[in-house]
Amino acid sequence: MNSPDPGWFVNFEDVWLAYNPELLAQNNFAVEAIDLQVRQGEFIAIVGPSGCGKSTFMKLATGLKMPSKGRITIDGAPVTGPLKISGMSFQAPSLLPWRTTVDNVLLPLEIVEPYRSQFKAKRKEYEQRARALLQKVGLGGYEDKFPWQLSGGMQQRASICRALIHEPKMLLLDEPFGALDAFTREDLWCILRDLWSEQQFNVILVTHDLRESVFLADTVYVMSKSPGRFVVKREIDLPRPRDLELTYTREFTDIVHELRGHIGATRQNNAAKPAGSAP
């Protein structure tokens, strides 16, 4: 286990999670032996086969689940419950259909302190912030439209704005672009790249898309099949800023193929285990 370092923004120390006491008694864990240290402002991506525990890891990172064993600290404080310093965006944008785009983006400021108690007094200021953010992601002119008037890619842009409106220190993304076509997905990669470059919040991205992980992240972690554990840590030493032309280079595709090989190996190792064997 790595030694704790107060300089880490995210620090998982030998974290295990079983979803209930019965599973814990059977030593049946969803994730196990997670050691992870993330620098301030670092962008990490987590990849792996379906069912490997990527979403479970996200629940631990947001404080929605407490570990059965081990310790998690984020921004220097132990995680004891849902984090207020994080924003989240998922594959489904989940915009409220009765609210305009700008009102959907404002939603966290209405419900999260310290903004909630100031919302009525500062509504105009907050709305200006939301409109500026929407302009930045290419939604100028759509601020007062309803979700049903937006394409899927536009809705996802609005969802990312909603996750960032309260200026969180950490953004957690769970397959945020998985349902979009390839061109829209790449467009959103560039928007996320630019927002992160400008604001330098921490990002934890869970994705099945290896190209996405290599294009966006500083470090990619490969998880094994359930019970999930990190089996590969790959630093992405491609220079920044990165543009889409990079994704057609040999250097880029070699890293993608390397990661694909690691994931293939975890699948084969899992398939080779006899039923009931220890992980």
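Please determine whether any residue of region 214-230 is assigned to a helix (DSSP H, G or I) and among the small types (G, A, S). Explain how you work it out, then say what you get.
So the first thing to find is which residues in region 214-230 are assigned to a helix (DSSP H, G or I), and the list is 214-216.
Then drop every residue that is not among the small types (G, A, S), which leaves none.
There is no residue in region 214-230 that is assigned to a helix (DSSP H, G or I) and among the small types (G, A, S).
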task = Could you tell me whether region 115-136 includes any residue that is assigned to a loop (DSSP other than H, G, I, E, B), under 26 Å from S55 (Cα atoms) and either in contact (Cβ under 8 Å) with a residue 40 or more places away in the chain or hydroxyl-bearing (S, T, Y) (or both)?
result = no
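For region 232-256, how many residues meet the condition of being assigned to a helix (DSSP H, G or I) and either touching a Leu at 6+ places or on another chain (Cβ under 9 Å) or among the basic types (K, R) (or both)? Working first, answer last.
Filtering region 232-256 for residues assigned to a helix (DSSP H, G or I) gives 244-248, 250-256.
Now restrict to residues that are either touching a Leu at 6+ places or on another chain (Cβ under 9 Å) or among the basic types (K, R) (or both): 246, 250-252, 255-256.
Counting residues in region 232-256 that are assigned to a helix (DSSP H, G or I) and either touching a Leu at 6+ places or on another chain (Cβ under 9 Å) or among the basic types (K, R) (or both) gives 6.
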Here the qualifying pairs (Cβ atoms under 8 Å; residues six or more apart or on different chains; first in region 241-254 and closer than 13 Å to S213 by Cβ; second part of a loop (DSSP other than H, G, I, E, B) and modelled with pLDDT of 95 or more) come out as F252/L238
When region 166-193 is checked residue by residue, the ones that are crowded, with 23+ Cβ neighbours inside 10 Å and assigned to a loop (DSSP other than H, G, I, E, B) are P176, F177
Scanning region 44-99 residue by residue, those part of a loop (DSSP other than H, G, I, E, B), among the hydrophobic types (A, V, I, L, M, F, W, C) and without any contact (Cβ under 8 Å) to a residue 60 or more places away in the chain turn out to be L64, M66, V79, L96, W98
Per the filter on region 42-56, residues on the phi > 0 side of the Ramachandran plot and surrounded by fewer than 22 Cβ atoms within 10 Å (Cβ to Cβ) are G51
Scanning region 165-211 for residues that are among the charged types (D, E, K, R) and closer than 20 Å to Q155 by Cβ gives D174, E175, D181, R185, E186, D187, R193, D194, D209
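Mind listing just one residue for me: the one in region 21-41 that is among the small types (G, A, S) and surrounded by fewer than 18 Cβ atoms within 10 Å (Cβ to Cβ) and, of those, farthest from M170 (Cα to Cα)?
Kept after step one, since they are among the small types (G, A, S), are these residues of region 21-41: 25, 30, 33, 41.
Now narrow it down to the ones that are surrounded by fewer than 18 Cβ atoms within 10 Å (Cβ to Cβ): 25, 33, 41.
Working: A25: 34, A33: 23, G41: 8 Å.
Within region 21-41, the match that is farthest from M170 (Cα to Cα) is A25.
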Selection from region 212-259 of residues surrounded by 20 or more Cβ atoms within 10 Å (Cβ to Cβ) and of a type in the set (D, E) yields E212
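The values are calculated or read from the model by the stated rules, or taken from the named source; none is laboratory data. Source: prediction; values computed, not measured. In this analysis, Cβ positions are derived from the backbone assuming ideal geometry, glycine residues included, and neighbour counts consider all displayed protein chains.
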